[in-house]
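Novice: Encoded as structure tokens, here's the structure I'll be asking about.
Since every read-out is calculated from the coordinates, none of them should be taken as a lab result. The model shown is predicted, which means the values in this text are computed figures rather than measured ones. All Cβ positions, even for glycine, are placed from backbone atoms using ideal geometry, and neighbour counts span all protein chains on display.
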Amino acid sequence: MSIQEVSGELIEDFELFEDWADKYEYIISLGKDLQSMNVSDKTDDNIVKGCQSQVWLTARNEDGIVFFDADSDAIITKGIIALLVKVFNGQSAKDILNNDLTFIDQIGLKEHLSPNRSNGLVAMVQKMKTYALAFSK
Amino acid sequence: MSATKNILDTHKDFPTLKRIINGKPLVYFDNGATAQKPQLVIDRINDYYQNENANIHRGVHTLSQDATSAYEEARRKIQVLINAPLEEEVIFTKGTTDGINLIANGFSRGFLNSGDEIVISEMEHHSNIVPWQMACEYTGAVLKVAPINDEGELIFEAFEALLSTKTKLVAITHISNTLGTINPAKDIVRAAHAKGIPVLFDGAQSVQHMAVDVQDLDCEFYVFGGHKMFGPTGIGVLYGKKEWLDKLPPYQGGGDMIKTVSFEKTTYNDLPHKFEAGTPNIAGGIGLGAAVDYLNRIDWKEVHIHEQGLLKYATDQILQIEGIKIIGTAKNKAGVLSFVHDKAHHYDIGTILDQLGIAIRTGHHCTEPLMHRCKITGTARASFAFYNTKEEIDVFIAALKRALKMLL
């Protein structure tokens, strides 16, 4: 599936939630389901500096297709990361770089992109794109 | 002066507290970060810009004289509030951080030499650490850190043992923003003065909880910001004993802080203007004066009883929740409740509480060395002001239980 298709499905999922609690419960469950990273991968190099919760991210390149591995010590942050990983995993570096992230707004999580949320999400997206950029060269 | 206000009646004076956040009435427990402003303060700032705006000092026209009077009147109000002996000992700053930087900058120009020492404590806010590190870097002085115990109290004997002939200043927080610990300010001054050492208190967290009397404390410097005492942001106060302020060099150069200027030689203005270069935050100063007017209508004894009641009630309630640990259990503690949960991250707790209309603070609270001491990455912190109520704590506790149910 393309980034468009995966994010389209997510937008549809989120439209079904009647209130904030359902939405957050879903994000939390995504966080719980995302496989934890190996402790050995949780290095300083892989840390995405967010102010409050710690976020780790690695990526590997298989013939121009990018795969991410990520974790956080905060479960909501981890859930949001899981969303991003769901959307960008297995996509081409070029498509990742070209995505404008409007799907985050469309699923109603725009507030998590505001800088004072301090959850490292902005830095997280930047780091994903940085990996994609490195792999696209 | 108007009659004393009933403390339980103050909530309605603060318009922001009437907000609906995410569909719920706001419960504002982030007073340690900044306090809300009473209508009186908002109106005063508005009125200044509507009717009085002019640059102060030296203007011959009526507007300028009105603005100057209002600004200088605010200084006198602060003087009375903190019981400073002299009006010129009240210096307007941008805030607590600015006040500490002013003193650190002054000390590093002629008052600190290589090998001299400055004593702080393990519970300091970054703003009472970093300016001293910068001063040390510049002068070769050394920063000494007095330790705290597991309850979050200063280990007094260890603090005293750090004081020596090398110590040039003790700079310590009056109330810890993260732990709520109220430090034994008078004992600290007594111990330092016994060795001829001046003392600076970071009063950022004190002025909203208690009546501060600088003469009773007998400290050389006391700094605080306006916004945590129900006044505007961008304005703060440095109180300093005149003999010290006279001998410290000016912080910034510019207009207002000079007596005469020529290319060969400039002479500096008298206190307080010597430390107030440039056009100040006039509206901020006048707004802060209005905040003092408001505070003059409340009874600090009543504030103390009310806030201690809130703290005890919240502490008792929160400890009934499994997995909660309170960070900061000093015997003498202000209305600050910092906590961690053994399974839920403070960030997650804060995020869910926000959805339920409750504003708390999460993170390291600008006290990273203290977090290292406690071996944690951060806490969730509820900090109370006199306008908060027991009912709000009930809402907070119920919301916290709901958040934990969702998160675990």
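Novice: For residue B:247 and residue B:302, FRET efficiency with R0 = 51 Å and r from the beta-carbon atoms, rounded to 0.05? All intermediate terms of the calculation are to be shown ahead of the outcome.
Specialist: Values: r = 41 Å, r/R0 = 0.79.
It comes out at approximately 0.80.
Novice: Name the chymotrypsin sites (Phe, Trp or Tyr not before Pro) in segment B:261-338 that are in a loop by DSSP and that have at most 12 other C-beta atoms within 10 Å, would you?
Specialist: For chymotrypsin sites (Phe, Trp or Tyr not before Pro) across segment B:261-338 that sit outside H, G, I, E and B with at most 12 neighbouring Cβ atoms in 10 Å, the list reads B:263.
Novice: Using 7 Å Cα-to-Cβ label points, what is the residue A:19/residue B:137 separation (nm, one decimal)?
Specialist: For residue A:19 paired with residue B:137, the spin-label model returns 5.0 nm.
Novice: I need the calculated FRET efficiency for the pair residue B:267 and residue B:12, taking r as the beta carbon distance and R₀ as 51 Å, to the nearest 0.05. Don't skip to the answer; put the middle values down first.
Specialist: Numbers: r = 51 Å, r/R0 = 1.01.
Efficiency, rounded to the nearest 0.05: 0.50.
Novice: Give me B:368, A:62 ranked fewest to most by other Cβ atoms within 10 Å of their Cβ, as a rough exposure proxy.
Specialist: Exposure proxy ranking, most exposed first: A:62, B:368.
Novice: I would also like to ask the following. Provide B:404, B:200, B:353 in ascending order of the number of other Cβ atoms located within 10 Å of each residue's Cβ, fewest first.
Specialist: In increasing order of surrounding Cβ atoms, one gets B:404, B:353, B:200.
Novice: Give me the percent relative contact order of segment B:43-295, please, defined on Cα pairs under 8 angstrom at least 6 residues apart.
Specialist: RCO, segment B:43-295: 25 percent.
Novice: Please give the net charge around residue A:3, taking every other residue with its beta carbon less than 14 angstrom from that of residue A:3, where Lys and Arg add +1 and Asp and Glu add -1.
Specialist: Values: positive: A:86, A:94, A:129; negative: A:5, A:9, A:95, A:100.
My count for the surroundings of residue A:3 gives -1.
Novice: Based on alpha-carbon centroids, what's the gap between segment B:37-69 and segment B:224-248 in Å, whole number please?
Specialist: If we compute the Cα centre of each part, the gap is 20 Å.
Novice: If you don't mind, there's one more thing I want to ask. Within chain B, what is the longest stretch that has no GluC sites (Glu not before Pro) placed in a DSSP loop and near at most 14 other beta-carbon atoms within 10 Å?
Specialist: B:1-150
Novice: Same structure again: Where does the Debye-calculated log10 I(q)/I(0) of segment B:219-269 sit at q = 0.15, 0.26, 0.28 Å⁻¹, using only Cα point scatterers of equal weight, no solvent?
Specialist: Taking Cα atoms of segment B:219-269 as identical point scatterers yields -0.60, -1.01, -1.05.
Novice: Shifting gears a bit: What do you get for trypsin sites (Lys or Arg not before Pro) in segment B:1-80 restricted to DSSP loop and a cutoff of at most 10 other Cβ within 10 Å of the site's Cβ? Please list the in-between numbers first.
Specialist: Numbers: sites: B:5, B:12, B:18, B:19, B:44, B:58, B:75, B:76, B:77; in loops: B:5, B:19, B:58.
In loop regions of segment B:1-80 (DSSP not H, G, I, E or B), the sparsely surrounded trypsin sites (Lys or Arg not before Pro) are B:58.
Novice: Considering only the other residues whose Cβ falls under 9 Å of the Cβ of residue B:4, what net charge follows from Lys and Arg at +1 and Asp and Glu at -1?
Specialist: Result for the local shell: 0.
Novice: Between residue B:34 and residue B:86, how many nm apart are label points set 7 Å from Cα along the C-beta direction?
Specialist: 3.4
Novice: Something else about it: For residue B:274, which aspartates and glutamates qualify as cross-link partners when the Cα separation must be under 13 Å and same-chain residues fewer than eight apart are set aside?
Specialist: Output for residue B:274: B:88, B:89, B:246, B:256.
Novice: Residues in segment B:372-386, backbone N under 13 Å from the label point at residue B:408 (7 Å along the Cα-to-beta-carbon vector): list them, ranges by number please.
Specialist: none
Novice: Sort B:202, B:187, B:9 so the one with the fewest other Cβ atoms within 10 Å of its own Cβ comes first.
Specialist: B:9, B:187, B:202
Novice: What are the trypsin sites (Lys or Arg not before Pro) within segment A:44-110 that DSSP puts in a loop, where the Cβ has at most 12 other Cβ atoms within 10 Å?
Specialist: Sites meeting the loop and neighbour criteria: A:49.
Novice: Order of B:378-388, B:20-30 by packing, highest average Cβ count within 10 Å first?
Specialist: Highest-to-lowest ranking by the protection proxy: B:378-388, B:20-30.
Novice: Roughly speaking, what is the centre-to-centre gap between segment B:332-382 and segment A:15-57 when only Cα atoms are used, to the nearest Å?
Specialist: Cα centroid to Cα centroid, the span is 19 Å.
Novice: Between residue B:62 and residue B:161, how many nm apart are label points set 7 Å from Cα along the C-beta direction?
Specialist: 6.8
Novice: Here's something else I'd like to know. Set the Förster radius R0 to 45 Å, insert the Cβ-Cβ distance between residue A:12 and residue B:151 as r into 1/(1 + (r/R0)^6), and round the FRET efficiency to 0.05.
Specialist: Working: r = 53 Å, r/R0 = 1.17.
Between residue A:12 and residue B:151 the formula returns 0.30.
Novice: Hey, can you grab everything whose amide H is under 5 Å from the amide H of residue B:141? Only 5+ residues off in sequence or another chain; H modelled, so Pro and N-termini drop out.
Specialist: B:115
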